[in-house]
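The values are calculated or read from the model by the stated rules, or taken from the named source; none is laboratory data. Everything numeric here is computed off the predicted structure, so don't read it as measured data. As a convention, Cβ positions derive from the backbone with ideal geometry for all residues, glycine included, and neighbour counts pool all protein chains shown. Ligands, DNA and RNA are stripped out before the accessible areas are found, and what is left, the full protein with its side chains, is counted by its heavy atoms. Shrake-Rupley method; radii C 1.70, N 1.55, O 1.52, S 1.80 Å.
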Amino acid sequence: MQPQIVLLKEGTDTSQGKPQLVSNINACQSIVDAVRTTLGPRGMDKLIVDSQGKATISNDGATIMKLLDIIHPAAKTLVDIAKSQDAEVGDGTTSVVLLAGEFLKQVKPFVEEGVHPRVIIKAIRKALQLCMEKINDMAVQIVEQSKEEQRALLEKCAATAMSSKLIHQQKDFFSKIVVDAVLSLDELLPLNMIGIKKVTGGSLEESQLVSGVAFKKTFSYAGFEMAPKGYDNCKIALLNIELELKAERDNAEIRVDNVKEYQKVVDVEWQILYNKLAKIHESGANVVLSKLPIGDVATQYFADRDIFCAGRVPEEDLKRTMKACGGAVMTTANDINASVLGLCEHFEERQVGGERFNLFQGCPNAKTSTLILRGGAEQFLEETERSLHDAIMIVRRTIKHDSVVAGGGAIEMELSKLLRDYSRTIAGKEQLLIAAIAKGLEIIPRQLCDNAGFDATNILNKLRQKHAQGGQWYGVDITKEDISDNYEQCVWEPSIIKINALTAAAEAACMVLSVDETIKSPKAGEAPMAGGGMGMGRGMGRPM
Ligand code: ADP
Ligand code: MG
């Protein structure tokens, strides 16, 4: 008798070969179907309710993919590329997923017919290389422009990024704000120096950009009414010190046997607090911000001395204030002096909707700004924030990497034409494969049409014809149900989005294709369904 060779733990699920590959491709397909309809200016939004019942409305590919909680191992690669696109360029997250899915869909028949995945991968790599060369070739460089021209260009890119979002009605308003915000940064363009604060209520147009730091007024104790509400040229003390009479900690114990002794303890406590407050006052600060609470005694003390104070300031706001205004966050009151204080030209407390905001303007050190968003429902504001994030990322990217291409499927159609022309010059399987990828690229204009309710076949035919005649920037015209020169229409996108999206999509497709076996271990702590042996074993341990 042949002895049975046991390689893997019981309950391990293995599947391999062609069927496995096809099933992985199918899994990716179903994910693509989930985000397909969100692409483009006429795309729809998704409402996703998570296990805690929190509802999110979003049009952003990366957000949707993150929330979908996908467990299929192959399909997870699509989630990863959407996330990486989000981190790398910030926009084009739906496109990247669609492209990867479509490449896989187009090569699936070849897999089924038994073409070796390596051959397919090679063809995809070749196609990608051709596309990269073409994009770099076509991209319009924006060099040596005047400030106004650069602004106009950035606003157009921001507007294109926002035109597919919930806030597309207000995109002109917001693209100005976004460009202002990004241009106010220093040349490294650090993203965390743009704060976004949301205040529900009011209309979107009431949103405003504050150059400087702004944060919501923190919880305040009695006495704050007397505190001053504005200063010019103020000095800011940034603290991580508790300015409150503390409740006894449970690990401290003091035994006293008469009232006098008790009074001494209380007096010392007050003295400690007053010493700290005096040190802060001596330093010459007019504004005191602390991460930890500032109690009512301290609030009153400061108010009497014409000092503004706010406790429990969120850490990120405190850090941003520190970066913008200079100074250092102090953890003891002993070494506070003028050299650790931050400076700003103007401080005020201002009412925004139902909230009070502390604003610091004219900060000497870093360039920073804060967007205060107004609008209806919470979810709406959250989606607005995500859309603005996309636009901000795009503007930053465009400043750093200043070349643009036309969107609306124009660049994809041109690449598709390039690949098709190339495929005609070569022989063998590769010819068909490259042509398949050329077809895959058409998914972007096709989906833009489908989502807008246009006749996709008709428009794609027109586009193919135009591109064959040399109209390289022709793409879908979303307003007229036709095609148009999207470069002239100012549907511009930084070329880096497309470069990144194509590279990531091709990589993901190759990765899915190169996997021909999945080996899944039984989940830890879970009895396998098949092979009851282990399940029995657990029961045996119990005392009978
Ligand atoms: P993504 O997450 O990939 O950025 P979007 O939903 O933002 O997805 O859609 C982006 C697509 O919409 C891009 O292909 C872009 O070229 C296209 N697009 C954006 N604005 C317009 C417009 N005004 N006309 C035509 N196409 C547009
Ligand atoms: Mg977008």
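Restriction of the trypsin sites (Lys or Arg not before Pro) in the stretch 461-509 to DSSP coil positions whose beta-carbon has at most 12 other beta-carbons within 10 angstrom yields LYS480. Think of each Lys and Arg Cβ as +1 and each Asp and Glu Cβ as -1; about the Cα centre, that makes the dipole of the stretch 218-346 roughly 300 debye.
Counting only GluC sites (Glu not before Pro) that DSSP places in a loop and that have at most 14 other Cβ atoms within 10 Å, the longest clean stretch of the chain runs over 254-480. For the stretch 18-71, the Cα gyration tensor yields ellipsoid semi-axes of 24, 16, 7 Å (square root of five times each eigenvalue, largest first, whole Å).
For the chain, the longest principal axis of the alpha carbon atoms and the long axis of helix 259-282 meet at an angle near 60°. Please identify the trypsin sites (Lys or Arg not before Pro) of the stretch 311-397 that satisfy two criteria: DSSP loop assignment and at most 14 other Cβ atoms within 10 Å. Which are they? For trypsin sites (Lys or Arg not before Pro) across the stretch 311-397 that sit outside H, G, I, E and B with at most 14 neighbouring Cβ atoms in 10 Å, the list reads ARG312. Across all Cα pairs in the stretch 166-215, the calculated P(r) in 5 Å bins from zero up to the longest distance comes to 4, 17, 28, 26, 16, 7, 1 percent per bin. Rounded to the nearest 10 degrees, the inclination of helix 429-441 to the longest alpha-carbon principal axis of the chain is 40 degrees.
Is the stretch 139-179 best put as rounded, prolate or oblate by its Cα gyration tensor, with a ≥ b ≥ c the root eigenvalues, rounded for a/c under 1.5, and otherwise prolate when a/b is larger than b/c, oblate when not? It comes out oblate by the Cα gyration axes. The phi-based Karplus calculation (6.51 cos²θ - 1.76 cosθ + 1.60; θ = phi - 60°) puts the 3J(HN,Hα) values of the stretch 353-358 at x, x, 10, 9, 10, 9 Hz, whole numbers, x for Gly and Pro. Here, P(r) means the percent of Cα pairs in each 5 Å bin from 0 to the largest distance; for the stretch 1-129 it is 2, 9, 16, 17, 17, 13, 10, 7, 4, 2, 1, 1, 0, 0. Here's how it looks for GLY201: its modeled amide H is under 5 Å from those of GLY375, GLY376, which are all 5 or more places away or on a different chain. The trypsin sites (Lys or Arg not before Pro) of the stretch 401-451 that meet both conditions, a loop assignment by DSSP and at most 13 other Cβ atoms within 10 Å of the site Cβ, are ARG424.
Across the stretch 417-428, computed HN-Hα scalar couplings (Karplus, 6.51 cos²θ - 1.76 cosθ + 1.60, θ = phi - 60°) run 5, 4, 5, 5, 4, 5, 4, 5, 8, 10, 10, x Hz from first to last residue, x flagging Gly and Pro. Computed with a 1.4 Å probe over protein heavy atoms only, the accessible area of SER403 comes to about 10 Å². Once the convex hull of all Cα atoms in the chain is built, its volume per residue stands at 231 Å³. Of the two radii for the stretch 218-346, the radius of gyration is 1.02 times the Kirkwood radius, both from the alpha carbons; that is the Rg over Rh value. Taking the protein heavy atoms of the chain in the context of the full set of protein chains, the accessible area attributed to carbon and sulfur is 52 percent at 1.4 Å.
How many nm is it between the label spots at LYS520 and GLN52, if each spot is 7 Å from the Cα in line with the beta carbon? That separation, rounded to one decimal, is 2.8 nm. Sequentially through the stretch 117-134, phi angles give Karplus couplings (6.51, -1.76, 1.60; θ = phi - 60°) of x, 4, 5, 5, 4, 4, 5, 4, 4, 4, 4, 4, 4, 4, 4, 4, 4, 5 Hz, Gly and Pro residues having no value and appearing as x. Remark: for residue pairs LYS46/LYS319; LYS197/LYS319; LYS176/LYS439; LYS54/LYS198; LYS176/LYS197; LYS176/LYS291, the C-alpha separation exceeds 26 Å in LYS46/LYS319; LYS176/LYS439; LYS176/LYS291.
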